[in-house]
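Q: Please find one structure pasted underneath; my questions will follow.
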There are 2 protein chains.
Amino acid sequence: MIPLDDRAAVEALAGLRGSHGAAVAGAYARAVWSILVEPGDGIAGALVETHGAVEALMRISESDDPEIRAARARWMPRLQPTAIAAALDAARRCGATLVVPGDVDWPSRLDDLGVHAPIALWRRGTGAPSDGPAVALVGARASTAYGEAVAADLAAELGAAGVTVVSGAAYGIDGACHRAALSVGGSTVAFLAGGVDRPYPRGHENLLSHIAATGAVWSETPCGAAPTKWRFLSRNRLIAAMADAVVVVEAGWRSGSLNTAAHAATLGRALGAVPGPVTSAASAGCHRVLREFDGVCVTSSNDVLEMLGAGDSPPPAGEQAHTDTSTRLLDALSPRTARSTADIARRSGLAPDEAAILLGFAELEGRVTRDDEGDWRTVSRSASGGRRAG
Amino acid sequence: MIPLDDRAAVEALAGLRGSHGAAVAGAYARAVWSILVEPGDGIAGALVETHGAVEALMRISESDDPEIRAARARWMPRLQPTAIAAALDAARRCGATLVVPGDVDWPSRLDDLGVHAPIALWRRGTGAPSDGPAVALVGARASTAYGEAVAADLAAELGAAGVTVVSGAAYGIDGACHRAALSVGGSTVAFLAGGVDRPYPRGHENLLSHIAATGAVWSETPCGAAPTKWRFLSRNRLIAAMADAVVVVEAGWRSGSLNTAAHAATLGRALGAVPGPVTSAASAGCHRVLREFDGVCVTSSNDVLEMLGAGDSPPPAGEQAHTDTSTRLLDALSPRTARSTADIARRSGLAPDEAAILLGFAELEGRVTRDDEGDWRTVSRSASGGRRAG
């Protein structure tokens, strides 16, 4: 019933994989699984995890477990011998390869998804997943010039800094991120909801070819599969899992990228969002990430590098709260009118001794000068004595 | 030495306060303190807290405590008998009143400042601090049209909702907030860095008169005092303490409103900021509040009401992550082509039984229809079956 004896198909796969024997049988079984089940099917994932892909396929028809019997009812309508050969043939025609756990190119970050990890991945391009830092930059298709500009700046700077940019190849923010990463020779990978032989959206056919040429376009659905809404939502978990941090660049209130953000939160990936005008509906989803997911406010690529544990820390904001006596002293001086130490002490509310000492330091720093009568004034190039600081 | 025997001054104060005797002596001592010390002087605050204002004044000259002796050196240059009479006279001329702890109009929220609470406050206007919710809306003088528009919306909506709007009467965001609150008949109060008889900035003289006419303009510095940089920074702690929540509406990287935010954090007040474009330097301070102070992302007056414990909670963002089987089912249907239950089961990866049950529910909900052959299609007004959801 399970077409593991489909020699033609197995040979076709051996051609794709450049190997033979038991390794091919395992990979073939995973290819079959990727055709039978919808992305993220936990029953299939658990079965494969427990028994291995080949043995698990055998168990489908044998098991009396009610959960597996229910799953079997779900999977069987897909079990058409021609479908498997067709998917492999489509993969061969578009130059796609099958990547399975254990392969050197298997993206091990995806294993964090547990039983919901993909059973197999289809890849266009030969880019192997990097061990280096990776960030998912995602956002809405309905983007604004502001969002696209920020997306491009972030992706280009992160790409140039050696960070792999992961995204979903959609119009709008996704596309801007891939393009900007490519423009600086950075590493970028795309995850599709449908088969990698079906460039989606159509208008990004060239972009996807460029991504495949320099990196990889991935999908867990087999070649020929249509990008359905369910598969988009499931695909988002792969984007989140594939990255060390997820940043929503621009997204409306109900954007699908909030689904990616939710997956990032579940997986414990660092999560951030780029704020925008509160008057822009296109940023409302980003503000939800900040409010409801406690996301990090991302304003620059350095903020993202910091999320990845590689950025420069900004000077602490507490510095702003630092209100020292030298401020009080300089408040009491004028660049125009020379004042005595006693007068300055009274005006600043400092003791005359303390004022005299601080004036001495300020003189050494070139911030104040003393005239022949011993009276003080601020050096006018200094802005520190300014009074308007509300 | 301490001019508690200045009968003319005491009488002048009695006139201001409408009372006599010991109460006046205590208030008078606090007025003297407010002239001797710079805002937030913790030594003075502790001395007054321990001994009362009158007794504390006596102790200045007697004490051998090295800390108090150092403070005395700081305070003595201010002790000019004419200064006290002049401040009281200036207060009388501008119609200011002295408000001290224990007065019914004393803003008790300020007591959270401990020994750094003001020893006395000068007030223009008769508005008493409300027990109701209060929010500090602050921001930079260098504001943009965006920031001012958001400030005005927030202040008008909060003012109309019965929330007192506290701010600093500066140009830019502060002014926009006061004006908008006044425009809806809302309650608004201003805290100044200099004396309440010295409208600052000058261009807000009319605005300050309006605030005083409907509420109150407060300062802890006596009439005649200039608004120095130190006093601006110290004043900011009063704005933070006077509110239940502090929201930075628009502020640059080094705006003084970050100092108010720091005070809010220290005091445990709810703290938020309105995001803006990351390309706008005028919002950089707000983004610091979100990043470095873990401030709440404020996008609407409802978000502020929520900080005050009075808003409607938004629907949980987790809803976005909800990817149910009915999505998978509807993905497999088309509004144009009728499909059999078996075909839909195969396309959706659902068991035929489950697909049949879900199709029945969807039919009841009017999302799908069945033709005479028993085949299904989606009802075209429904957008749920759409495929573009990346």
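Read-outs throughout are calculated quantities, based only on the coordinates presented, and are distinct from any laboratory measurement. None of these values were measured; they are calculated from a predicted model. Please note: Cβ atoms are built from the backbone with ideal geometry, for glycine as well, and neighbour counts cover all protein chains shown.
Q: With the calculation restricted to Cα positions, what are the radius of gyration and Dmax of the range B:320-378 in angstrom?
A: 10.5, 37
Q: Can you run phi through the Karplus equation (6.51, -1.76, 1.60; θ = phi - 60°) for the range A:59-76 and list ³J(HN,Hα) in whole Hz, with x for Gly and Pro?
A: Karplus values, whole Hz, x for Gly and Pro: 6, 3, 7, 8, 5, 9, 4, x, 5, 6, 5, 5, 5, 4, 4, 6, 7, 4.
Q: I would also like to ask the following. Looking at the range B:143-267 from every direction and averaging, what is the projected area of its Cα convex hull in nm²?
A: Computing the convex hull of the Cα atoms and averaging its projections yields 7.0 nm².
Q: Let me ask you something else. Given the options A:ILE84, A:ALA140, A:VAL166, identify the residue whose Cα lies farthest towards the positive end of the charge dipole of the range A:74-191 (+1 on Cβ of Lys, Arg; -1 on Cβ of Asp, Glu).
A: Going by the Cα projections, it comes out as A:ILE84.
Q: If you don't mind, another one. Nearest-to-axis residue of chain B, judged by Cβ, for the B-to-A rotation, with distance in whole Å?
A: Nearest residue, distance rounded to whole Å: B:PRO275, 2.
Q: Which value in nm describes the separation of the simple spin-label points at B:ALA73 and B:ASP353, placed 7 Å from the Cα toward the beta carbon?
A: Label at B:ALA73, label at B:ASP353, 9.1 nm between them.
Q: How would B:TYR146, B:TYR28, B:TYR171 line up from fewest to most surrounding beta-carbon atoms within 10 angstrom?
A: Fewest-to-most ranking of B:TYR146, B:TYR28, B:TYR171: B:TYR171, B:TYR146, B:TYR28.
Q: Within the set of other residues whose C-beta is less than 15 Å from the C-beta of A:GLY185, count the net charge using Lys and Arg as +1 and Asp and Glu as -1.
A: With Lys, Arg at +1 and Asp, Glu at -1, the net is 0.
Q: How large is Rg over Rh for the protein assembly as shown, taking Rg from the Cα atoms and Rh as the Kirkwood inverse mean of 1/r across Cα pairs?
A: My calculation puts Rg/Rh at 1.15.
Q: Anyone know which of A:ARG123, A:ARG370, A:ARG93 comes out most mobile in the 10 Å Cα GNM of chain A?
A: Its mean-square fluctuation being the largest, the pick is A:ARG370.
Q: Would you mind calculating the relative contact order of chain B from Cα pairs under 8 angstrom and at least 6 residues apart, reporting the percent as a whole number?
A: 12
Q: Exposure proxy check: A:ASP65, B:ASP371 ranked by fewest other beta carbons within 10 Å? Write down the numbers at each step before the final one.
A: On the way: A:ASP65 13, B:ASP371 9.
In order of increasing Cβ crowding within 10 Å: B:ASP371, A:ASP65.
Q: Kirkwood Rh over Cα pairs of chain A into Stokes-Einstein at 20 °C, 1.002 mPa s: D in µm²/s?
A: Value of D from the Cα-based Kirkwood radius: 89 µm²/s.
Q: Other chains' Cβ within 10 Å of B:273-283 residues: what's the mean? Please report the intermediate quantities before stating the final value.
A: Details: counts 3, 4, 12, 7, 11, 14, 6, 3, 0, 0, 4.
Across B:273-283, the average partner-chain Cβ count within 10 Å equals 6.
Q: In nm, to one decimal, how far is the A:SER340 label point from the A:GLN80 one, both placed 7 Å along Cα→Cβ?
A: 10.3
Q: Where does helix B:81-94 land angle-wise versus the long Cα axis of chain B, in degrees 0 to 90, nearest 10?
A: 50
Q: About the Cα centre of the protein assembly as shown, how large is the charge dipole given +1 on each Lys and Arg Cβ and -1 on each Asp and Glu Cβ? Please answer in debye to the nearest 20.
A: Here the protein assembly as shown has a charge dipole of around 1780 debye.
Q: Sequence-distant or interchain residues sharing an amide H contact under 5 Å with B:ALA140, placed H: which?
A: Here the answer is B:ILE173, B:GLU250, B:ALA251, B:GLY252, since their amide H atoms fall under 5 Å of that of B:ALA140.
Q: For the charge dipole of the protein assembly as shown, defined by +1 on Lys and Arg C-beta atoms and -1 on Asp and Glu C-beta atoms about the Cα centroid, which residue among A:ALA151, A:VAL304, A:VAL24 has the Cα displaced farthest towards the positive pole?
A: A:ALA151
Q: Going by Cα centres, the range B:353-372 and the range B:139-154 are how many Å apart?
A: 52
Q: Still on this structure: Does anyone have the angle between helix A:22-36 and the longest principal axis of chain A? Alpha-carbon axes, 0 to 90°, nearest 10?
A: With both axes taken from Cα atoms, the answer is about 80 degrees.
Q: Report, to the nearest 10°, how far helix A:42-51 tilts away from the longest principal axis of the Cα atoms in chain A, using its own Cα long axis and a range of 0 to 90°.
A: The helix A:42-51 is inclined about 70 degrees to chain A.
Q: Along each principal axis of its Cα atoms, how long is the range B:148-196 end to end? Whole angstroms, biggest number first, please.
A: Here the Cα extents, ordered largest to smallest, are 30, 20, 12 Å.
Q: Helix-derived [θ] at 222 nm for chain A: sum -39500 (n - 2.57) over DSSP H runs of at least 4, divide by residue count, nearest 500?
A: -13500 deg cm²/dmol
Q: Just grab the label-to-label distance for B:GLU62 and A:GLU363, each label 7 Å out from Cα along the Cβ direction, in nm (one decimal).
A: 4.0
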